[in-house]
Structures are given as structure tokens and as C-alpha cells.
1. Where Lys and Arg each count +1 and Asp and Glu each count -1, what net charge lies around Val92 among other residues with Cβ under 13 Å from its Cβ?
2. If you take the charge dipole of the chain about its Cα centre, with +1 on Lys and Arg Cβ and -1 on Asp and Glu Cβ, which of Thr48, Met202, Gly192 is farthest toward its positive end?
3. Using θ = phi - 60° and the Karplus curve 6.51 cos²θ - 1.76 cosθ + 1.60, what whole-Hz ³J(HN,Hα) does each residue of the stretch 83-97 get, with Gly and Pro shown as x?
4. Hey, got the dipole for the stretch 33-127? About the Cα centre, +1 on K and R Cβ, -1 on D and E Cβ, debye to the nearest 20?
5. I'd like the orientation of helix 180-191 relative to the chain: the angle between its Cα long axis and the longest Cα principal axis, in ° from 0 to 90, rounded to 10.
6. Using a 7 Å offset from the Cα along the Cα-to-Cβ direction at both Asp95 and Asn295, what is the distance between the two label points in nm, to one decimal?
7. Roughly what % antiparallel, to the nearest 5, for the DSSP beta bridges in the chain?
8. Which far-off residues, 5 or more places away or on another chain, put their amide H under 5 Å from the one on Leu128, with H placed in the peptide plane?
Amino acid sequence: MKCGLVAADGAVLYRETRPTPRADARDGGRAVLDALLETVVELGQKATAEGHRVRAIGVVVPGVIDAEHGTVGAENLEWVGTPVLAELQAAVAEDVPIVLAHDVRAGGYAEFRQGALAGTTNSMFLPLGTGIAAAMIVDGRLVSGDGYAGELGHSKFIYGDAAELCACGQWGCLETVASAAALARRYAARTGRTVDGAREVMELLAAGDPDAAQVWQDALTALVDALVLYTTLVAPTRIAIGGGLIGAGETLLQPLREGVHARLTFQREPEIVAAVLGEEAGMLGAAQMAWDRANEEAAA
């Protein structure tokens, strides 16, 4: 968990990283929720002790967020309709506005406000990590879809015998072939050799391993398909790629640019660049969303 105290001008006054407990389905991921609540309360106490006043709180999490009811469904956290917003409000016990949002959308908002997407009105942030989701900027606004928008990783791009079962229950999702987790899993399935995550697959790719090359090519092909579809539908001028796989640099970006360029006909071609805010993007976006809420309430 990445957290901090952020001033109105965006300056990070304090930052901290905490481990996320292992989620247990038997208690509905309660340990994760308790760790989150404890972090929020202790950060508030630290702010007060240092002479600051907490104006708003931003919390961003993975999964599907029901914005109307403040509940979250997140497979990795074992949350099913978990009332995260109500739990936060009870834990804080102060009349402080709380924003609950999706971690990827928050990261995209930060990139839009102060990072690689600054100055755009139609763009996308696409982090490629354990999973895949997108933050969509359309006509100058972050699209929330009431908490459901941006699940590009759970769009079907693989068909026939090559389609694998995704954690979401569908076959052939982008996430099953192009996420960092998928690279390691698919390499191990292809070769019978366990690897230490996507990092080792990329090392094998650089060393000329043909199996790593095929797994990588499969991922690139699916990603190009996804970017072409998104470009055709939404016409972004810039796409910022983030997440763990962006460590591959131009080994990732250049084939994506070339693949998208070759496929487009009438569509406006987007720039494809690296995101710049790294692992703090979600935290910075959460803070920006919180300040937006605080300013809205002050102006009301």
C-alpha cells in the first residue's frame, strides 16, 4: 500500500509504503480491509501531530467499485460487495469527505493532471502489471462509468483453442495473455520451467530464448489489437503505458507503435509513450481526487 500526506499544491509532505496482508476468503478479506483502515487512521493522526488539518481523504483500490453504494468487489482481495466506504467513514469518525475510487483510474488521473497525459483531452493510461485495466480520458474528463469503466483487460481478444480461462470467468481476455502474470504463467506452461515472474521472461527474451520470444509476441499481438480497438472507438491522441512491464522500455513501446501504425487506416494515430509517475501514480491521483472533493465542498 502506497500512502502519503499531500498538500493542496500537490507537494508530498510524507510518503510511506506498507505491506498488504494476504487476503483470506474465509473472512472476506478482512485483514486487508483492517490494514487499510489502520493506515488511514494513523496517517490522519500523523497529520494532526504535525500541525496539519486533513481536508479530505482519497482511497483507491483495485476491483469493481459501486460508486452509488461505496462497495467493492475485488477478486485479489477476496472482497465481494465489501462496504469499504462505510467502513472508512466509521473508522475516521470525523466529518471529513472521503473519496473511494479505482486505483488505475486514480493513476490515470494523476498522469492526466501532472504526468504523461498532461495537456490532452482524449487519452488513455494503460498499466500492464499483475492485471490490466485502463483509465480513460474522454473530452477532458476521467470516465468512471459509476465505478465500472475501463476494464480493457477483461475484453476478449483471444479465440479458439488458444483462449484461456480468465479469473473473471470469461475465456480469452487480454489479461490472460498480456499481463505480467500471464507472461510468467504462459512461459512456464509452454516450457515446463518455472520462472521468477515477467522479469525473468524478459531476461530470457533478451538472451534469444525462442519460447520467451513467442510468449512476448503473443502478448504484443493482443495488446496491438486492444489499442487499435480503443483508438477506433475513442480516438485518443496519446496513450501512456505504465505498470511493471514498462520496465521493458522500447522493447515494449516500439512494437506497439509499429503494430498500431500498420493497422490504422482512417483513424487518428495516437502517440504511445511511457507513463512517468511510476508506483506513486495511484497515491497522487487519490490525493488529487480528495483535493477536488474538498474544493467542491468549500465552494458549495
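Taken together, the values in this text are just the output of simple stated rules run on the coordinates, not laboratory data. Computed from a predicted structure; not experimentally measured. With ideal geometry, Cβ positions are generated from the backbone for all residues, glycine too; neighbour counts draw on all protein chains shown.
1. -4
2. Met202
3. x, 5, 5, 4, 5, 5, 4, 5, 6, 6, 6, 10, 8, 10, x
4. Numbers: 5 positive and 13 negative charges, 100 e Å.
About 480 debye.
5. Its long axis makes an angle of about 30 degrees.
6. 2.4 nm
7. Around 55 percent antiparallel, to the nearest 5.
8. Answer set, sorted by chain and number: Gly242, Gly243, Gly244, Leu245, Ile246.
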